[in-house]
1. Within the group A:His121, A:His85, which residue is in a helix (DSSP H, G or I) and at pLDDT below 95?
2. So if I check each of A:Val158, A:Val154, which one is part of a helix (DSSP H, G or I), buried (at least 21 other Cβ atoms within 10 Å of the Cβ) and touching a Gly at 6+ places or on another chain (Cβ under 6 Å)?
3. Of all residues in segment A:161-182, count the ones that are within 12 Å of chain B (Cβ to nearest Cβ), part of a loop (DSSP other than H, G, I, E, B) and under 21 Å from A:Leu60 (Cα atoms).
4. Looking only at segment A:64-83, count how many residues are at negative phi and open to solvent by 30 Å² or more (accessible area, probe 1.4 Å).
5. Please state which one of B:Glu78, B:Glu31 is over 19 Å from A:Gly259 (Cβ atoms), open to solvent by 20 Å² or more (accessible area, probe 1.4 Å) and within 9 Å of chain A (Cβ to nearest Cβ).
6. Would you confirm, using the coordinates I've provided, whether B:Ile47 is touching a residue at least 24 places away in the same chain (Cβ under 8 Å) and of a type in the set (A, V, I, L, M)?
7. Does A:Thr8 fit the bill of being closer than 23 Å to A:Asp181 by Cβ, surrounded by 13 or more Cβ atoms within 10 Å (Cβ to Cβ), modelled with pLDDT under 80 and of a type in the set (S, T, N, Q)?
Amino acid sequence: MEVEGEETECSMILLPLIGDRVMIFDVEDVKKLRKLGILGVLTGTLPSAPQQNVFHGIPLELGIYEVIWLVENGYGTIVDSLKMHEEVEKQSKSEMSRQNRERVIGDFTHIPNSPAVNSVHSNDPVGAVGLREFIVSRCPTNEALRALLTDYFVFRSVRQNGYQVMPGLRFGGDMIAYPGDPLRYHSHLIVRPLRGPVNLLDIVAGGRLATGVKKVWVIGGLLQEDKTKIQEITIEEESIDQILESEVKPISFSIEWAGFG
Amino acid sequence: MQESNRFSGKLSKEQVMQNLTDYNAWSSVEEHEACIQGKPTVILTGIPPKKLVGSDQEKQLEWVVPLDIARGELDVGEINCWFSEIERISGHRPGRITLGTQNDDSTIVYYFVHDGIVKPQRN
């Protein structure tokens, strides 16, 4: 928490896994993620304005593609939040007295969220969860895993084109993509990752909706060669990391209403 | 669905050609033989009466793929094939093609399919 400047730049962002979600409670980490163009979704109530649901606060919940992207690109490490806190608890007990850990402010006992213990902000934190382990825990079957990877490659290629991605329910897509920070720009793309063929009526509907809101409807999927590569992956093997590194490149097409006819 | 599948291709091609020529006033509407994923298909070209998009050139040749909506599904491999077939026919891969989709009530709607990710048009 108190680490600043250069040290912060090179240290990994901790991605605490709580249940099956990755949630960020540290505002500094939220800022770092935002700078990387990883937006997540704020899910907490703002203590100063609890009676509305337009603006939210921490925790920031990250989507699974965002988490994979962060780990793949070396910006973050997934940690088992429970294990990490248990470990910190253990260390704290031996290192300092209970009075030191819990500060009494007025009637409240204050326990810091992320105890500043060395093991927490290092590149090899306690309770680290491997990427493969994380992915497989979310996709228990081969089918689910292959679908996830296909979607992820589309997400990654949209990001590689310089777009920032948010969930797309608002415009009837799987993702919506912004040319910069969503607070400064309108979105350009409604993205539909394809795991198989797309219905022609969906093309018509998607294209019409997107054009109506000044966007394009983007479909992205894999060509046969890459599909074959994905079909060979199973949840048992170690090759998920290899597949992430491999040059699986989705192909995309942008659809809009032609304006005549 | 099954019933109208028998007509896909032939009917939509002729109706789209007629719609382009007579309703949308395109000129030089022509057919080109193509082979998409092993199946013989027809791709059309024509010249719209005025620019379809501000950034187009005057009298720009437009590639149109006629499709019957009853055929149901489409995958990225097939769309990619259209682009590569047009490249084979014309010598270069176009930035966009136009999809002429025909419904079984004879409604025809046109959609642009751009190659890759593009920005929405300014208008």
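1. Being in a helix (DSSP H, G or I) and at pLDDT below 95 holds for just one of A:His121, A:His85, which is A:His85.
2. Being part of a helix (DSSP H, G or I), buried (at least 21 other Cβ atoms within 10 Å of the Cβ) and touching a Gly at 6+ places or on another chain (Cβ under 6 Å) holds for just one of A:Val158, A:Val154, which is A:Val154.
3. 1
4. 9
5. Going through B:Glu78, B:Glu31 in turn, just one is over 19 Å from A:Gly259 (Cβ atoms), open to solvent by 20 Å² or more (accessible area, probe 1.4 Å) and within 9 Å of chain A (Cβ to nearest Cβ): B:Glu78.
6. For B:Ile47, the condition - touching a residue at least 24 places away in the same chain (Cβ under 8 Å) and of a type in the set (A, V, I, L, M) - is not met.
7. yes
Conditions (1) under 18 Å from A:Ile203 (Cα atoms); (2) in contact (Cβ under 8 Å) with a residue 24 or more places away in the chain; (3) more than 10 Å from chain A (Cβ to nearest Cβ); (4) open to solvent by 40 Å² or more (accessible area, probe 1.4 Å), marked per residue:
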{"position": "B:Phe83", "(1), (2), (3), (4)": "yes, yes, no, no"}
{"position": "B:Glu87", "(1), (2), (3), (4)": "no, no, yes, yes"}
{"position": "B:His92", "(1), (2), (3), (4)": "no, no, yes, yes"}
{"position": "B:Gly95", "(1), (2), (3), (4)": "no, no, yes, yes"}
{"position": "B:Thr98", "(1), (2), (3), (4)": "yes, yes, no, no"}
{"position": "B:Asn103", "(1), (2), (3), (4)": "yes, yes, no, yes"}
{"position": "B:Ile108", "(1), (2), (3), (4)": "yes, yes, no, no"}
{"position": "B:Tyr111", "(1), (2), (3), (4)": "yes, no, no, no"}
{"position": "B:Asp115", "(1), (2), (3), (4)": "yes, yes, no, yes"}
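The values are calculated or read from the model by the stated rules, or taken from the named source; none is laboratory data. Since this is a predicted model, take the numbers as computed values, not measurements. Glycine also receives a Cβ, built like all others from the backbone with ideal geometry; neighbour counts cover every protein chain displayed. Surface accessibility is based on the protein's heavy atoms, side chains included, excluding ligands, DNA and RNA. Shrake-Rupley method; radii C 1.70, N 1.55, O 1.52, S 1.80 Å.
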